[in-house]
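The values are calculated or read from the model by the stated rules, or taken from the named source; none is laboratory data. Because the structure is predicted, anything quoted here is derived from the model rather than measured. Glycine gets a Cβ as well: all are built from the backbone with ideal geometry, and neighbour counts include every protein chain shown. Calculation scope for accessible area: heavy atoms of the full protein, side chains included, ligands and nucleic acids excluded. Shrake-Rupley method; radii C 1.70, N 1.55, O 1.52, S 1.80 Å.
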Amino acid sequence: MTKFSEFGLDEKIVKSVKRMGFEEATPIQEKTIPIGLAGKDLIGQAQTGTGKTAAFGLPMIQKIDQKSGDVQALIIAPTRELAIQVSEELYKLSYDKHVRVLAVYGGSDISRQIRSLKKKPQIVVGTPGRILDHINRRTLKLDHVETLVLDEADEMLNMGFIDDIETILKEVPAERQTLLFSATMPDPIRRIGERFMHDPELIRIKAKEMTALLIEQYFVKVHEKEKFDVLSRLLDVQSPDLAIVFGRTKRRVDELSRALDMRGYVAEGIHGDLTQAKRMSVLRKFKEGKVDVLVATDVAARGLDISGVTHVYNYDIPQDPESYVHRIGRTGRAGKEGMAITFVQPREMGYLRTVEQTTKKRMTPLKAPTWDEAFAGQLRIATEKITEIITEENLADYKTVASELLENYDATDIAAAMLKMLAKEPDQTPVHITEERPLPQRNGKGGKGGGKGGNYRGGYRDRNNSGKGRRGSNSGSRDRRYNDNRGKNKGSYKKSK
Ligand code: ADP
Ligand code: MG
């Protein structure tokens with residue numbers, strides 16, 4: 001394991017890294033930082049949450065000449081959220097060196113961005129469309145760029161940004177260092193490497209090196225109709241601090257977040273159809289812990305750095321193993337433990353096996369909790385909460401009335417009443433979730449043929465599985481933060497305080 005002081009980075013940079021609480025480099029950082037510092041081109045592959053931003057950011061910051069007001073580094077990222085996230089990370093990494101970092105992205109006031117560009121940022125992070133826009137308006141000059149980064153390249157490819165990127169590349173001097181990062185390495189990405197890079201070094205950190213240690217992976221065999229009750233009960237039993245539920249479609253995300261809300265969970269959904277403002281506010285609430293359950297589609301959650309996610313629920317098993325790896329990568333990030341639970345319909349077991357072949361790890365079967373178990377889980381949480389209040393809070397103001405209660409009632413009855421108030425009975429409020437058919441059956445165990453070709457566009461038929469939903473009456477507000485009885489961090493790159 002390499003310490004950040006061993007790379008030969010500027011002292012000020014090492015100081016900023018320390019302040020961020022990083023103790024040692026992650027595998028991708030260990031391998032790529034020296035290449036970045038040597039000025040060589042690089043293709044880096046590692047799943048999300050492995051610290052790729054610092055991997056390219058640290059050598060980049062080292063090279064910045066503070067006396068120059070030129071844009072010296074350009075990072076292209078697929079979405080606004082990612083651009084913002086990368087710019088925030090770079091800002092922190094360069095805090096002591098005082099580098100000016102700016103994010104430019106669509107959906108935000110362009111004249112304000114133009115004013116910010118006039119303040120001479122040295123690093124610009126942006127989405128392809130908005131970068132092009134600024135190039136065309138001549139508000140962004142790239143002729144002094146020395147480092148170019150394509151972040152989440154595969155995602156940019158999926159989103160159809162390839163032409164935009166080529167156009168941008170033409171504006172950047174050919175004499176430059178190009179770094180490409182991607183979670184997967186399909187052929188078109190390799191070809192970008194061949195066309196736009198000089199003899200790039202290929203660094204690949206295998207998914208299993210990251211996932212295996214830190215994420216406990218389970219699956220629950222469950223029929224479509226029962227999925228939602230199973231999800232509610234799992235939430236009751238496991239009481240995650242922060243959970244993400246993945247659904248296959250936008251409609252699913254909408255329906256699930258509404259249904260969770262009806263059953264008394266604090267849930268919000270994000271998907272591509274929401275406005276940027278809405279997505280950002282949902283994410284902010286989630287990061288601040290004001291939302292316990294985030295429901296998302298793959299695309300919406302891709303690459304976002306949300307720390308502290310303890311549980312990932314795959315309400316629908318993803319079609320391809322790579323999505324699976326990305327989804328569960330939302331938890332267990334940078335050395336923290338996490339748990340992933342995948343719902344699989346009996347006919348979809350073939351998909352599960354394909355995922356296992358990719359991650360080289362078997363998932364542990366988990367039985368859906370019963371109503372009793374869910375209730376027991378809630379009682380345990382309520383008990384923990386009471387214990388915590390007794391041990392940590394000042395109860396002087398309550399004691400007089402408490403003694404009066406004790407004179408009139410049996411102590412056990414009082415305690416039971418408190419538990420009843422605090423513990424939420426597993427909620428069975430009827431909800432409406434449109435059924436989705438299982439993924440098409442595959443012939444041949446884990447046969448490659450099925451892979452992407454699964455391409456399921458089948459007509460969905462709407463079927464109400466229950467009457468109209470009504471608001472849960474017993475959804476007394478619960479503070480799920482009291483419930484963390486998970487183990488301490490075991491990860492190898494712990495953040496120090
Ligand atoms: P990626 O781009 O691979 O998805 P990020 O660069 O977004 O990953 O990093 C994920 C999280 O891990 C961020 O919160 C980041 O601050 C943190 N992180 C990065 N490197 C380290 C490290 N060496 N030690 C601890 N945390 C780290
Ligand atoms: Mg990243």
Given points 7 Å out from each Cα along the Cα-Cβ axis, report the residue 110 to residue 166 separation in nanometres with one decimal. 2.4
Per DSSP, the loop-located trypsin sites (Lys or Arg not before Pro) within region 252-290 having at most 11 other beta carbons within 10 Å are 290
Cα gyration tensor category, rounded, prolate or oblate, for region 124-200 with a/c compared to 1.5: oblate
Can you give the FRET efficiency for residue 5 and residue 386, using 1/(1 + (r/R0)^6), R0 = 41 Å, r = Cβ-Cβ distance, to the nearest 0.05? 0.30
Expressed in angstrom and rounded, the centroid-to-centroid distance over alpha carbons for region 40-114 and region 172-207 is 18
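Among the listed pairs 170/206; 250/285; 31/141; 206/285, which are separated by more than 28 Å between their Cα atoms?
170/206; 31/141; 206/285
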Spin-label zone in region 370-394 - amide nitrogen under 19 Å from a point set 7 Å from the Cα of residue 421 along the C-beta vector: 378-394
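Compute the whole-percent fraction of alpha carbon pairs in region 215-365 spaced more than 21 Å apart.
38
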Result for region 387-446: accessible area per residue, probe 1.4 angstrom, in square angstrom, of 73
What shape does region 241-330 take by its C-alpha gyration tensor, where a ≥ b ≥ c are the square roots of the eigenvalues and a/c under 1.5 counts as rounded, a/b above b/c as prolate, and the rest as oblate? rounded
Hey, any idea what % of region 301-421's accessible area is carbon plus sulfur with a 1.4 Å probe? 58
Restraint check, 3/97; 15/278; 360/424, Cα-Cα greater than 31 Å: 15/278; 360/424
Rounded percent of accessible protein surface that carbon and sulfur make up, region 18-135, 1.4 Å probe: 49
